[in-house]
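Visitor: Dropping the structure in here first, questions after.
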Amino acid sequence: MRFLAAGAAALLLTALLVVVNFPYERVRGRIEQILSARLGAPVELGGVEGRLTPFGPAVLLRDVRTRTRGGSRVELSEVRLRPAWSLAWLRGVPALHLRASSPMGRARGVLRVESEPGFRGEIRDLRLEALATFGGALAELPLDGIADLEGNVRATADGPEGRVRIAARDGSIGVPGIPVALPFRSLEGVVRLGGDRLLEIADALAFDGPMLSGTVTGSVGRAPRLEQARLDLRAELRLREPGLAPALSAAGIRLDREGRGSVRITGTPARVGIR
């Protein structure tokens, strides 16, 4: 037993030395090439380090810079990867536990490295106003607040597929035709991505704010660009601030005497129609 324990300790010590002393900087260029090929976009790394964690060896990527397909710049302060405890390995699919942080928020979960990469986990403290940096329709949508996302999504040739739970707070959203951004204290619901639509609201998005509250249901169709996607949404509204009524009426939103109304939202994100 003493000989076995000594052998195991020697192997463990050797593995730890390899992790700590491995010349990561020498293979940084190769790591950039692999990530660029997987993501389909150029990736630059500010630094690569090895780390030891209670769950095993990990690789730390610092100052990760890449671009979306639309050309928007994405920067991550830190990305930490290590082998994940996942049944995906039994199917021959590498699974990595990922932790990332950036000025936009923090992410944690399991990344499945396959032909259609998948991610199961959460994004916390996502700054919604930062989404405007991705351009397109998002740049035209006045959106503010903090959101937490949780779900299981995979990237396909047709776009993302999966299910995501959304919980946003302390923000506001601009609505075409209404001169002021509508504040909300909370916005929660579940969306389903993929299929014959870009997204479908699986569980009604419920929002509550000091001026207006209500629910939103429906879907957003597929299109080559987000700003061209067809909207088929319905909102059930309840007015909380009477002073907002004239602006809603001017935008084509009719409310009854109790401040309730039903609105259909059509058109595209670039040209919204309300009736």
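Values in this text are rule-based calculations from the coordinates and carry no lab data. Keep in mind that this is a model prediction, so the values were computed, not measured. All Cβ positions, glycine included, derive from the backbone under ideal geometry; neighbour counts span all protein chains shown.
Visitor: Through the Karplus equation 6.51 cos²θ - 1.76 cosθ + 1.60, θ set to phi - 60°, convert the phi angles of region 74-89 into ³J(HN,Hα) values in whole Hz; use x for Gly and Pro.
Guide: Per residue, the Karplus-derived 3J(HN,Hα) values read 10, 10, 10, 5, 7, 10, 10, 10, 8, x, 9, 7, 8, 5, 4, 4 Hz.
Visitor: For ALA84, what residues show an amide H to amide H distance below 5 Å, using hydrogens built from the backbone and excluding near sequence neighbours?
Guide: ALA95, LEU96, HIS97
Visitor: Can you run phi through the Karplus equation (6.51, -1.76, 1.60; θ = phi - 60°) for region 239-254 and list ³J(HN,Hα) in whole Hz, with x for Gly and Pro?
Guide: 6, 10, 10, x, x, 7, 4, x, 5, 5, 5, 5, 7, x, 9, 9
Visitor: Enumerate the amide H contacts of VAL74 below 5 Å, restricted to partners 5 or more residues apart or on another chain; note that Pro and chain-start residues carry no placed amide H.
Guide: Under 5 Å from the amide H of VAL74 lie the amide H atoms of THR66, ARG67, THR68, each far enough along the sequence or on another chain.
Visitor: A further question on this structure: Could you calculate the contour length gain from ALA167 to ASP63, that is, 0.36 nm times the residue separation minus the distance between their Cα atoms, to one decimal place in nm?
Guide: Taking ALA167 through ASP63 to full extension adds about 34.6 nm, to one decimal.
Visitor: Next up: Considering amide H positions built from the backbone, and no H for Pro or chain starts, which residues 5 or more places from GLY145, or on another chain, come under 5 Å of its amide H?
Guide: LEU128, GLU129, SER172
Visitor: Once the Cα gyration tensor of region 122-275 is found, what semi-axes does its equivalent ellipsoid get, as square roots of 5 times the eigenvalues, in whole Å, sorted largest first? Intermediate values should be presented prior to the final figure.
Guide: On the way: eigenvalues 132, 60, 44 Å².
Ellipsoid half-lengths, sorted descending, are 26, 17, 15 Å.
Visitor: Using the per-residue mean of other Cβ atoms lying within 10 Å as a proxy for protection, in what order, highest first, do the peptides 210-222, 83-95 fall? Kindly include the intermediate steps, with their values, before the conclusion.
Guide: Working: 210-222: 17.4, 83-95: 13.2.
Packing order, densest peptide first, comes out as 210-222, 83-95.
Visitor: Assuming R0 = 41 Å, what is the FRET efficiency of ARG108 and ALA270, from their Cβ-Cβ distance, to the nearest 0.05?
Guide: Numbers: r = 34 Å, r/R0 = 0.83.
Between ARG108 and ALA270 the formula returns 0.75.
Visitor: Next question, about the same structure. Once phi is turned into ³J(HN,Hα) by the Karplus curve 6.51 cos²θ - 1.76 cosθ + 1.60 with θ = phi - 60°, what whole-Hz value does each residue of region 100-105 show in order, with x for glycine and proline?
Guide: Listing the rounded values in order: 9, 9, 7, x, 7, x Hz.
Visitor: For region 62-134, report the translational diffusion coefficient in µm²/s to the nearest whole number, using Stokes-Einstein at 4 °C, 1.567 mPa s, and a Kirkwood Rh over Cα pairs.
Guide: Working: Rh = 13.4 Å.
Rounded, D is 97 µm²/s.
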